[in-house]
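> Got a structure for you, questions after.
No value in this document is a laboratory result; all are computed from the given coordinates. Just so you know, these numbers come straight off a predicted model, no measurement behind them. No Cβ is skipped: glycine too gets one built from the backbone with ideal geometry, and neighbour counts run over all protein chains shown.
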Amino acid sequence: MKNFIKQMPGFRSDTTWKKVIASIGYIFLLLGVLPVVFQGSLVDSLWNGAQIIAMIAFGAAVIALFKGNVKLLHIVNRKVALLVLVVSLIAAGAMPFPAGSEQAEVQETDQAENNELEAEKAAEKEIANLEQKEKPTSEQDTAQNQEKEISKEKQSVEQENESAAEEQEQSAKKTATPQKQADHGPDAQVTRVVDGDTVKIKLNGQEETVRLLLVDTPETKHPSKPVQPFGPEASSFAKQELSGKQIEVEYDGPKRDKYGRLLAYIWVDGKMFNQMLLEEGLARLAYVYDPPYTHYQEYMKAQNRAKNKEKGIWSRDGYVRDDGFYYGRGTEKDSSGNNNSSSTEEKASENEANEGEKGSSSSTLKYDPNGPDRDCGDFDTQQQAQDFFEAAGGPAKDPHRLDGRDGDGIVCESLP
């Protein structure tokens, strides 16, 4: 060991300062080499050590080529030095990283990333080529657009047909029973039933009178008319369905008439009471002043069903007229469909009374033309209605709307 140390540069002489400098140099060399050799895993450390040995051999071979030998490393001549030089170059530059080392893993990762990038570029290039090949011409674009438009039109027609079918189903359901709906309007409570088509309610802490929209029931409390057939039945039905009940009020058009009454549909227990009257044959569809009305079609169907079944007011021939109820000549049908008319004597006396009334009414008005609104049902004869109409300003004016739609100046033509 002593001989080996004496052969190392710096220790060949006995000079103390040279030995100190050499010792310091070797210590620094070890401190610089050891961390390089022993970093990472064991495999990496061995590989680093082999690399350092190859570098030392390379340096010694270069020195030996110039000096002729390096006996410390057993390089005895230049031929051996040249051989060591070649081997060290191959070992230092061409020796691969050992499998499992960190350097090998890094190298493999870099290689994998490079391969992925190349594969992505190749795929993008291939997709671009396919898109270029599959790109349609302008004529093909036009044909495809036309096909799309035709397909959209077919879908639209199918949707319309489906909507129409749904509407028909809903209409059929509506005609089967009085319409049901949610959130019709403000809640109120019925405080009193006046007659079939007029009720008093408590709404927002105040009492209001409601005149049912689009329906007219026979009179029971008219100041100038007797009780009309089916009027008591309509009032009784209204009391049975509405008295003390919580209801919902639905407006449609003008909210009040000129008497200050609310004009509304009434919903009770989820059903529209106006339509219930028509279904039971206890009211006629009337006072259609400001169309269109929301529920007019349902009301017309309900009235037609009652008319076909000859229910209530429709059981008497000639009783229901466009301008009201004419009870002077109405005849009620029995269950077999025959008319239970009054006797011939009763008809004759009735006609005589009507004729006498017609003759005497020309000079005397039954109502004040400037008073409450009147309709044809308020008059017993056509002459009474005509005199009233002319006194109210007709035919130039018709504030009570007695002339109807023809505007011929002759009112209530259905009256005797």
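> Over every pair of different alpha-carbon atoms in segment 278-320, take the mean of 1/r and invert it; report that Kirkwood radius in Å.
Numbers: mean 1/r = 0.0932 Å⁻¹.
Result for segment 278-320 stands at 10.7 Å.
> Additional query: In the structure shown, do any of Lys255/Lys307; Lys225/Lys301; Lys200/Lys258; Lys301/Lys366; Lys202/Lys271; Lys200/Lys307 have a Cα-Cα gap over 25 Å, and if so which? Walk me through the intermediate numbers first.
On the way: Lys255/Lys307 30 Å; Lys225/Lys301 30 Å; Lys200/Lys258 17 Å; Lys301/Lys366 36 Å; Lys202/Lys271 19 Å; Lys200/Lys307 29 Å.
From Lys255/Lys307; Lys225/Lys301; Lys200/Lys258; Lys301/Lys366; Lys202/Lys271; Lys200/Lys307, over 25 Å: Lys255/Lys307; Lys225/Lys301; Lys301/Lys366; Lys200/Lys307.
> Let me ask something else about it. Take each of the peptides 60-70, 122-132, average the number of other beta-carbon atoms within 10 Å over its residues, and list them starting from the highest.
Answer by packing, highest mean first, reads 60-70, 122-132.
> How are the alpha carbon pair distances in segment 198-295 distributed across 10 Å bins from zero to the largest one, expressed in percent?
Whole-percent P(r) values from 0 Å outward: 15, 49, 34, 3.
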